[in-house]
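Worksheet: the structure to be examined is printed underneath.
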Amino acid sequence: MYKVTHKEEDKGKFKTPSLRNVAFTGPYMHDGTFKSIETIIGLYGKGPASPETHLLHGFPNDIHKPLIAFLKSISAPPLQFEKPEIP
Ligand code: HEM
């Protein structure tokens, strides 16, 4: 956000993306750095990487599997449908 507003307090801020269909929307993050959800959860689990990410407190390893299962459960491939005939 800083590159748009040039306000000091906006450093490190990004639009928080929707997690709907996240299993199919990789590569992840604003620059596509991460190829898999597993990598992101591994990093979030470790806690804040910089002062700007202080809201991420980290979590234990046994949470990873159920968390990834949850993210997959809110993902579904696009519905296939017949293209309608336009009159
Ligand atoms: C366990 C909790 C969380 C999970 C499972 C989670 C999961 C994810 C995932 C999968 C992405 C990548 C989405 C994409 O690129 O399409 C993402 C990005 C992001 N998340 Fe989270 N997140 C969590 C907590 C948080 C919290 C607490 C915040 C903010 C306070 C946050 C802010 C963001 C932001 C700003 C991005 C975009 C970063 C970028 O584009 O570089 N997330 N998150």
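FYI, it's all coordinate maths here, none of it is from the lab. Not measured: the values here are computed from a predicted model. Don't worry about glycine lacking a Cβ; one is built from the backbone with ideal geometry, like all the others, and counts go over all protein chains shown.
The spread of Cα positions in the chain, taken along each principal axis and listed from longest to shortest, comes to 57, 39, 18 Å. For the set Lys35/Lys65; Lys7/Lys46; Lys3/Lys46, the pairs lying more than 23 angstrom apart at their alpha carbons are Lys7/Lys46; Lys3/Lys46. As an exercise, use a Förster radius of 22 Å and the Cβ-Cβ distance of Leu79 and Leu19 to find the FRET efficiency, rounded to the nearest 0.05. Efficiency, from the Cβ-Cβ distance: 0.70.
How do Ile37, Ile68 line up, fewest other C-beta atoms within 10 Å first?
Arranged by neighbour count, lowest to highest, Ile37, Ile68 become Ile68, Ile37.
Backbone amide hydrogens, once placed in the peptide plane, bring Lys13 within less than 5 Å of Tyr2, excluding anything fewer than 5 places away on its chain.
Rounded to the nearest 20, the Cβ-based charge dipole of the chain about its Cα centre (Lys and Arg +1, Asp and Glu -1) stands at 60 debye. When only Cα pairs below 8 angstrom with a gap of at least 6 residues are kept, the chain shows a relative contact order of 26 percent. The angle separating the long axis of helix 64-73 from the principal Cα axis of greatest extent in the chain is about 30 degrees.
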